Each structure stands twice: as C-alpha cells, then as structure tokens.
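The values are calculated or read from the model by the stated rules, or taken from the named source; none is laboratory data. Bear in mind that the values here come from a model prediction, so they are computed numbers and not experimental data. Cβ: placed from backbone, ideal geometry, glycine included. Neighbour counts: every protein chain shown.
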Amino acid sequence: MPRVKRGTKRRQKRKKILRLAKGFYGAKGRLHRIAKLAVEKSLLSAYKDRKRKKRDFRKLWIARINAAARTHEISYSLLIAGLKKASVGLDRKILAELAVADPQGFAEIASVAKKALAS
C-alpha cells in the first residue's frame, strides 16, 4: 500500500479548526489538538443553546403576559383558555409584545377572553 502524507488537505483541515478557535484563550486558540477539543465543545454548546433560546423566550413571553393579564383581573391560564375559546389566533410572542407596547390593545384582548369564558 502506498504511503500517504496528506499534504495540503491536512493543512487546510488544521487551518479551519484554528480559524474557528480564533479568539480562544491561551493554547485553545493556538495549538491544533487543544483547539480541536475546544471547537468541538463550543459548537456543541452553540447547538444546545439555540434550542435553549427558544425555551427562554417562551418563558419570558409567558411572564410578561401573566403580569399584564393580572392587571386586568385574569390569570394567564384563563386568558389563554378564553382566547382559544374565542378563537383568537394570537401567539404568545405577539401577546407579550402587545402587553409591553400597547396596554390598551391588550386590555381589549383580555376583555374578549373574559367574555368568551363567561359565555
């Protein structure tokens, strides 16, 4: 079997890893073997945190909606149930934005939910 030294491919692969590790502290940004481990871990964290970001935003939206709903004497769960019953198609992101930016609009939505629950 012939000998393979890899040549430019090896250099390209190493440069790619070191480019991704640019800015890392100490040996993690300079030495290939250590940089490779650091890059693998950072890419794994980036993937994981893209998933976590969605959870965190949903929690934030729910907290904002709940705070705004309680100012109108209705709990978050009853507000959502009332909106579903009234077939209002607003998601939590939009409801949270309304709660912060347009309190009067949110008050109208809360009244719609209360009416739907009463009937």
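Here are the numbers for the structure shown:
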| item | result |
| --- | --- |
| Some residue of the range 23-31 being under 24 Å from the mean Cα position of the chain (by Cα), surrounded by 11 or more Cβ atoms within 10 Å (Cβ to Cβ) and modelled with pLDDT of 95 or more | no |
| Count - residues of the range 1-48 that are at positive phi and either in a helix (DSSP H, G or I) or aromatic (Phe, Trp, Tyr) (or both) | 1 |
| Residue match in the range 45-60 (condition: over 30 Å from Leu95 (Cβ atoms) and either in contact (Cβ under 8 Å) with a residue 24 or more places away in the chain or of a type in the set (D, E, K, R) (or both)) | no |
| Residue match in the range 82-104 (condition: crowded, with 16+ Cβ neighbours inside 10 Å, of a type in the set (D, E, K, R) and within 30 Å of Arg11 (Cβ to Cβ)) | no |
| Residues (of a type outside the set (Lys, Arg) and closer than 14 Å to Ala63 by Cβ) located in the range 88-102 | Leu95, Ala96, Glu97, Ala99, Val100 |
| Checklist (1) under 25 Å from the mean Cα position of the chain (by Cα); (2) modelled with pLDDT under 95; (3) not polar (S, T, N, Q) applied to Arg50, failing item | (2) |
